[in-house]
Every structure is written in structure tokens, then in C-alpha cells.
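Novice: Attaching a single structure in C-alpha cells format; questions to follow.
The numbers here are math on the coordinates, done by the rules we state, and not lab data. Predicted model only: the values in this text are computed from it and were never measured. Neighbour counts run over all protein chains shown; Cβ positions are idealised from the backbone, glycine included.
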Amino acid sequence: MSTGTIDFDFAGIQEPVDFLTALVAFADDIERYTEFASTCERWEFRRSGIRRHIPPRQRWLIFERDGKCCRNCGDHLSIKTAQLDHIMPWSAGGSDCSCNLRILCGPCNEWRSNFRTGLDDQVIRRVHVSRDCAGCAHLDTWRDEPYPAGPELVAAYCGRCGIVSAACPDSVF
């Protein structure tokens, strides 16, 4: 929605008192956002255009890695309500790599927009996600060669065993 308008969802409000209460709450939200927007710095805009699609498997693994919870407020989410957020926004040059993505709820994702916030420090703590790790790769019956070992392995959340372990860069999203 780029028209600069704000949509309010009044569905389910029956009583006039509920409407007034909701209106006051919206006014408080708008005031907090205005204060936040005037004191916080936005990420520099570096690119526009069409982003690549993030595969459903990658989305699911990020959802699992992040504990099915909003990384800001801690609310438990379903895969349908969880939103992927770029820690360094895509428009500011951030990648679609799983280490730059996290799960946020809708309100937290909208609140963050492309402002620089304390949430941005999480980029250091997000690990990649992977289909499998070195420990689980032997479970593949189709794998003819042994899983590579050595310094080229990276730490990643394993989609099979659910732990952070060494994984081949080819299996990392």
C-alpha cells in the first residue's frame, strides 16, 4: 500500500464504546509511530525492482529455526501468520540468504518497516538453514559420495535433526 493512507480494521466492533476505545488505541499507535519515525534512522535505499521468490522450504526452515515465535515480541505464530523480515532490508542491499532473514509477527514487521532498530543486531546471531547437516546426510540413500569434510562446512540449522551443526554450503539456503 503505497498511497500514504492507513487502513483501520474495525471488524468485530459492535458497541460504540468499543469503537471509541479502538479509535483511541489507533491514535496512540499513530503517535508512537510518529515519535519513533522522527527519532530513528532509516536504512539507506539502494535498490528497487523485483526480488527473487524465497522457496517454501527455506521459509519453513527459518520458521523452525526461530522457534515458531516472533523474534521481537515472542508471540507464538503459525506458518501462515509468520512473516519473513530482512534484518538488513532488501532495498538497502540485504540478501535473501537465511542468515539475513527472521520471523516476525505482522504488527512487529509493519512497525519495524525499514528503520534501524535494536533488532538489527540479531544479524550476528542468525545462522543459516540447511536441508541436512553432516550428521544427517548419511541418511540419504541416493548419496553416492561421502559428505565432504573440512573447512568449507558452515554452521547451519539442520532441517532434519533440528540442531545447529556443520553443513555443506551446497545444502544451505
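Novice: Kindly rank 90-103, 160-173, 45-58, 67-80 from highest to lowest mean number of other beta carbons found within 10 Å of each residue.
Specialist: Highest to lowest by the protection proxy: 90-103, 160-173, 67-80, 45-58.
Novice: Can you sort Cys105, Cys158 by how many other beta carbons sit within 10 Å, fewest first?
Specialist: In increasing order of surrounding Cβ atoms, one gets Cys105, Cys158.
Novice: How big is the Rg/Rh ratio for the range 56-126, C-alpha atoms only, Rh by Kirkwood, two decimals?
Specialist: On the Cα set of the range 56-126, Rg over Rh gives 0.92.
Novice: Another question about this same structure. In terms of modelled amide H atoms, which long-range or inter-chain residues lie less than 5 Å from the amide H of Leu101?
Specialist: Correct list: Ile87.
Novice: Give me Trp60, Trp111 ranked fewest to most by other Cβ atoms within 10 Å of their Cβ, as a rough exposure proxy.
Specialist: Result, fewest neighbours first: Trp60, Trp111.
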